[in-house]
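Beneath this line is the structure, given in structure tokens, with notes to follow.
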Amino acid sequence: VLVESLLVLVVVLAVHAVVWDRFSWCTVALAIQAFYVQFKWDRLLQLGGAVFQFRGAANSGLLPTSMVMPLLGVVMKERCRAAGIVYFERFGIVVASTGMLLALFLSVLAVGITKPVPTNTCIVTGIAGSIIIYTMKHSLTVSEVIEVLEVLLIFVYLSMILLYLLPRCFTPGEALLVLGGVSFVLNQLIKRSLNVIEGRGDPIDFFLLVAVVGVVLLGLFFTVLFIFLDSGTWISSMFFHMMTAVLGLGVIMPWLYRLIQRNPLFWLLQFLFQTQTRLYLLVYWTFLAASACGVVFYQNAKRSSESKKYQASTITRKYFHFIVVATYVPGLIYDRQLLYVAAVLCLAVFIFLEYVRYFRIKPFGQTLRHLLSLFLDERDSGPLILTHIYLLLGMSLPVWLFPRSCAPKGTLPGAGALVPYSGVLAVGVGDTIASVFGSTMGEIKWPGTKKTFEGTMTAIFAQMIAVALILIFDSSVNLNSSYAWILASVSLVSLLEAYTTQIDNLLLPLYLQIMLMA
């Protein structure tokens, strides 16, 4: 925990050194108080004093996850300020302020339920909170303050509902990151729906917002419904499919129509088949999806009746990382907009299939349970299987969060040109190579972890080779001699992978994106 905290603090100080404004000072104050409060959360988890049931075999992860949204907002603000895009500069400030307020709320919650009251932690939290609130008071407009408070309100209610319904699925830090992100997306969708201006906004951005909110609301609706009904019957399954169609066609489609001012299905079909390159990419991705399904069926066929406890090895699970890299790299090189939309569609399909598995919806629910149980690891201790969704999110978030409006030529200068590749580098290459080489050839273990020195070093080396290959094949990437910063960023994130107990598929790409954007 101490090494993980030190690595996060190094990232915070690196961003602070580059940006050096009032918000970067706030991130330093937030990091110091989150370091103190993290130990209170860990103690609550060990003693069973937390309000909800959180994922075991992991620490609270408050510090690394608390810093993601504030740092993303700060670096986004700085990039858009340099590009002269005032609207997105203000948006970056709102993102940073929202992340800080959500992290403070979780810290105050931990301090409040810790007995006896930790005096020193209360003082540190109070000082950090005062600095952050004073900065927000002098930086945000009234409408922006209201927007930040709206996200906090949504986060509180969403956390109470989902953490109660889904025990042991998240650590406190993962809940902050995932539910905070969903709360922000929901608030953005409500805000934009109430202020629709024809021709303003990119349809693919609206598509992402509606898809995320739509699948979350769908899950909440069926979770409440199946409290009163047995979800495993044919009648309940037929009702599930019928209501999915009704909500999709009767709520989500009209909502998207209002935002993009055209028929969503016609727009999607026209978008997907607009060029010949897109057609080739779609055929190629269909082949890769079939290959991934083939791996699942093949591994299940190996599970004989004598070895019912057989679980897929780490190397077997990394096959999917290789397939995902093969999926994303051509999309990033040839058509990033298509990759953006395809990733949104894939996320919606993944979450929908998880609903089918979780609720045992006929005819595929029980089959999915059987097929996916082979690939479970210690992080899937709750009722949901989320690791494959986290893998998709880790690869997609750098593409979705890339500030296109602040990059007039479609790419950021220097190391920022690699931002869309953050997921490919951190998870697809780094995490995969570290696991494969560490588990097969690693002998020297990092102190206090199961990860090996050899795995981390080969991961750093592999990521630098991947950067060289990206330079060769993607002509839009021009690093302007920022190789030392890239090497430092990759090394920090690889060390974080060795020490963190949080979901690395989600955390590592975001930290690499922050460093590259800074």
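The values are calculated or read from the model by the stated rules, or taken from the named source; none is laboratory data. Remember, it's a predicted structure, so these values are computed and weren't measured experimentally. Reconstructed Cβ throughout: ideal geometry from the backbone, glycine too, with neighbour counts over all protein chains shown. Quick note on the areas: whole protein, heavy atoms, side chains included, nothing else; ligands and nucleic acids left out. Shrake-Rupley method; radii C 1.70, N 1.55, O 1.52, S 1.80 Å.
Counting only protein heavy atoms and using a 1.4 Å probe, the accessible area of ASP230 comes to about 90 Å². On the basis of the beta-carbon distance and an R0 of 35 Å, ASN195 and TRP20 show a calculated FRET efficiency of 0.55. Largest accessible area first, the listed residues ILE235, ILE190 line up as ILE235, ILE190 when surface is computed with a 1.4 Å probe on the assembled protein chains. I want to make sure I understand the PRE zone here: with the label point 7 angstrom from the Cα of PHE287 toward its beta carbon, which residues in the range 319-334 have backbone N atoms less than 19 Å away? What the label zone holds, given the 19 Å backbone N cut-off, is 320-334.
Heavy atoms of the protein chains alone define the surface here; on that basis the range 1-197 has 42 Å² accessible area per residue at 1.4 Å probe size.
Taking 0.36 nm per residue of separation and subtracting the Cα-Cα distance, what length does fully extending TYR87 through PHE228 add?
Going from the current span to full extension adds 46.1 nm.
Taking every alpha-carbon pair under 8 Å whose residues sit at least 6 apart, the chain reaches a relative contact order of 17 percent. Of the whole protein surface, SER481 contributes about 100 Å² of accessible area at a 1.4 Å probe radius. Taking a straight line from the alpha carbon of LYS115, these lysines sit under 19 Å away, with near neighbours fewer than eight places off in the same chain left out: LYS40.
On a C-alpha basis, how far is the centre of the range 129-150 from the centre of the range 482-512 in Å? Whole number, if you could? If we compute the Cα centre of each part, the gap is 30 Å. Database remark: amide H of LYS445 closer than 5 angstrom to the amide H of PHE453 (H placed geometrically; neighbours at sequence offset of 5 or more, or on other chains; Pro and chain starts carry no H).
Assign one of three labels to the range 1-197, namely rounded, prolate or oblate, based on the Cα gyration tensor with a ≥ b ≥ c the square roots of its eigenvalues; rounded applies when a/c is under 1.5, prolate when it is not and a/b is larger than b/c, and oblate otherwise. Judged from the Cα gyration tensor, the range 1-197 comes out oblate (a/c at least 1.5, b/c at or above a/b). For ALA245 and TYR298, what is the calculated FRET efficiency with R₀ set at 30 Å and r taken between the beta-carbons, to the nearest 0.05? So, using R0 = 30 Å, E works out to roughly 0.35.
With all protein chains in place and ligands, DNA and RNA left out, the 1.4 Å accessible area ranks CYS293, CYS169 as CYS293, CYS169, largest first.
For the pair the range 382-418 / the range 46-92, the C-alpha centres are spaced 15 Å from each other.
When GluC sites (Glu not before Pro) are flagged only if DSSP places them in a loop and at most 15 other Cβ atoms lie within 10 Å, the longest unflagged stretch of the chain comes out as 1-197. Take the Cα of SER313, step 7 Å toward its Cβ, do the same at THR275, and the gap between the two points is 4.2 nm. The solvent-accessible area of HIS370, taken with every protein chain present and a 1.4 Å probe, is close to 110 Å².
Determine the gain in length on full extension of the stretch TYR483-TYR157; use 0.36 nm per residue of separation and subtract their C-alpha separation, reporting nm with one decimal.
Using 0.36 nm per residue and subtracting the Cα-Cα distance, I get 112.9 nm.
Note that the range 389-404 has calculated 3J(HN,Hα) couplings of 5, 5, 4, 4, 5, x, 6, 8, 4, x, 6, 5, 8, 5, x, 4 Hz, one per residue in order, obtained from phi through the Karplus relation 6.51 cos²θ - 1.76 cosθ + 1.60 (θ = phi - 60°); glycine and proline are x. Listed by chain and number, the lysines whose C-alpha is less than 28 Å from the C-alpha of LYS318, apart from same-chain residues fewer than 8 away, are LYS302, LYS308, LYS309, LYS445, LYS450, LYS451.
Distance between the pseudo-spin-label points of THR119 and LEU217 (7 Å out from Cα toward the beta carbon): 5.1 nm.
Computed per residue of the chain from DSSP H runs no shorter than four, each worth -39500 (n - 2.57), the mean residue ellipticity at 222 nm is -24000 deg cm²/dmol. Remark: the range 358-366, residue by residue, has Karplus-estimated 3J(HN,Hα) of 5, 8, 6, 6, 6, x, 10, x, 5 Hz, where x stands for each Gly or Pro and the curve is 6.51 cos²θ - 1.76 cosθ + 1.60 at θ = phi - 60°. Cβ screening of the chain for cysteine pairs under 4.7 Å finds these without a partner: CYS26, CYS122, CYS169, CYS293, CYS346.
Placing a pseudo-label 7 Å from each Cα along the Cα-to-Cβ vector at ARG258 and VAL349 gives an inter-label distance of 2.9 nm. Rounded to whole numbers, the Karplus 3J(HN,Hα) couplings from phi for the range 334-351 are 9, 7, 6, 5, 5, 4, 4, 5, 4, 5, 5, 4, 5, 4, 4, 5, 4, 5 Hz, using 6.51 cos²θ - 1.76 cosθ + 1.60 with θ = phi - 60°, and x at Gly and Pro.
Going by accessible surface with a 1.4 Å probe and the largest first, LEU507, LEU166 read LEU166, LEU507.
Compute the Kirkwood hydrodynamic radius of the range 32-100, taking the inverse of the mean of 1/r over all pairs of distinct Cα atoms, and give it in Å to one decimal.
The Cα-based Kirkwood calculation yields 13.7 Å.
Overall shape: oblate for the range 148-307, with the ratio a/c of the largest to smallest alpha carbon gyration tensor axis at 1.5 or above and b/c at least equal to a/b.
Which of the three applies to the chain, rounded, prolate or oblate, going by the alpha-carbon gyration tensor with a ≥ b ≥ c and a/c under 1.5 meaning rounded? Rounded shape, in that the Cα axes give a/c under 1.5.
Restricting the trypsin sites (Lys or Arg not before Pro) of the range 362-461 to loop positions (DSSP other than H, G, I, E, B) with no more than 12 neighbouring Cβ atoms within 10 Å leaves LYS409, LYS450.
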